[in-house]
1. Among the candidates B:Leu94, B:Leu83, which residue alone is closer than 30 Å to B:Tyr51 by Cβ, within 25 Å of the chain's Cα centre (by Cα), more than 14 Å from chain A (Cβ to nearest Cβ) and free of Cβ contacts under 8 Å to residues at least 12 places away in the same chain?
2. Hey, any hits in the range B:65-80 for a residue that's among the basic types (Lys, Arg), on the phi < 0 side of the Ramachandran plot, away from chain A (no Cβ under 14 Å) and surrounded by 12 or more Cβ atoms within 10 Å (Cβ to Cβ)?
3. Suppose we keep only residues that are more than 16 Å from the chain's Cα centre (by Cα) and over 20 Å from B:Ala111 (Cβ atoms) within the range B:209-232. Which one would you say is modelled with the highest pLDDT?
4. Out of (1) closer than 23 Å to B:Ala157 by Cβ; (2) outside any helix (DSSP H, G or I); (3) in contact with an Asp or Glu (Cβ under 9 Å, 6 or more places away or on another chain), what's the single condition that is false for B:Pro45?
5. Taking the residues in the range B:57-103 that are among the basic types (Lys, Arg) and part of a helix (DSSP H, G or I) as candidates, determine which candidate is nearest to B:Met171 (Cα to Cα).
6. For the range B:106-123, check the following and say yes or no: at least one residue is buried (at least 17 other Cβ atoms within 10 Å of the Cβ) and either within 12 Å of chain A (Cβ to nearest Cβ) or among the acidic types (Asp, Glu) (or both).
7. Residue under question is A:Leu30, and the condition is that it be within 14 Å of chain B (Cβ to nearest Cβ) and either more than 30 Å from A:Ala8 (Cβ to Cβ) or of a type in the set (Phe, Trp, Tyr) (or both); does it hold?
8. Answer with yes or no whether B:Glu179 is closer than 30 Å to B:Ile117 by Cα and away from every other protein chain (no Cβ under 11 Å).
Amino acid sequence: MSQVTPEAFIMGLSALAAGLAMLAMAGVGLGIAFISAKTVESTARQPEAQGTLLKTMLIGIALTETAGIFALIISIILLFANPYA
Amino acid sequence: MELGPRIIFTIGDVNITETVIFSLIISLLIILFAYLATRKMEVIPHGFQAYGELIVGTIYKMVADTMGKQNLRFAPYIGTLFLFLAFGSTLGILDLRPVTADLNCTVPLAAVSFVMIHYSSIRAQTLKGYIKHLGSPYAFMLPLNIMSEMMFPITLACRIFGNILAGVIVMSLLFTALESFSESLGTHIPFLLLVLPLPLNFFFDMFEAGLQAFIFVMLTMVFTSNGINVSEDHE
């Protein structure tokens, strides 16, 4: 039976944790989908407001994305700049 | 896999990385373009001057639409920021490392935006009104408001950094995979790299880069005009 070194064990669990951290993207995807759906609805109701709606939608998407970006940065740190290994 | 920017040379304890060199080159190119565009100004523009007027006109229109005509004095800063971020993020097309895929580049830019937002807010509503606004609606909300203000530059810097770095990682994974596929097909020439990565290149290096630069300046503009217009509501 092969021996698992402590460093390899930590790196393996870190990779698992990085994958789990990206579960946050599920919520971000749902949020962006809601924003886009509502924007499409509003544009269909009021086509002349399309420019303003697009701008507001982009800002809303950017703010929603923040949670996902933090999850991404955490998993990048776990994979490439691991503080424990 | 090596993720950080390469260190070109070292002065004392200071590492001069790719990021520093590329940002200097981009800044010099923008300055050179501005000099060429304004060297011989004519009434009917052509050549560099026409492109310069197109860019400046578009940026002034965007600032006027978002912040209002009375805040046009912010347009030069917004335009410079947008041009630098847009060119700095699209470096991936040339197979160089994008400048904005480094926190050392995005955090200072976000800090400059942060200082500008709060300086203009204090100037518009005086220090007393500024503190009063931080303590609204109730005085015990002051720490929470300060914390949410402090989060703004961090999220602003992390947003563009995370997006561009994700693009860099995906592109380098794709290049490695295509190279080893063409190795396994029995040739040492990575011919699969020829056309296949183009759609992803377009998405990550052009669309995403432009969108993130736009969002960066858009959030700066929105928060600046929010900070200024608060005082107008109270009067």
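1. None of the others qualify; the one that does is B:Leu94.
2. There is no residue in the range B:65-80 that is among the basic types (Lys, Arg), on the phi < 0 side of the Ramachandran plot, away from chain A (no Cβ under 14 Å) and surrounded by 12 or more Cβ atoms within 10 Å (Cβ to Cβ).
3. B:Asn229
4. So the condition that B:Pro45 fails would be (1).
5. Only one residue fits best here, namely B:Lys61.
6. yes
7. no
8. For B:Glu179, the condition - closer than 30 Å to B:Ile117 by Cα and away from every other protein chain (no Cβ under 11 Å) - is not met.
The values are calculated or read from the model by the stated rules, or taken from the named source; none is laboratory data. The model shown is predicted, which means the values in this text are computed figures rather than measured ones. Virtual Cβ from ideal backbone geometry, glycine too; neighbours counted across all protein chains shown.
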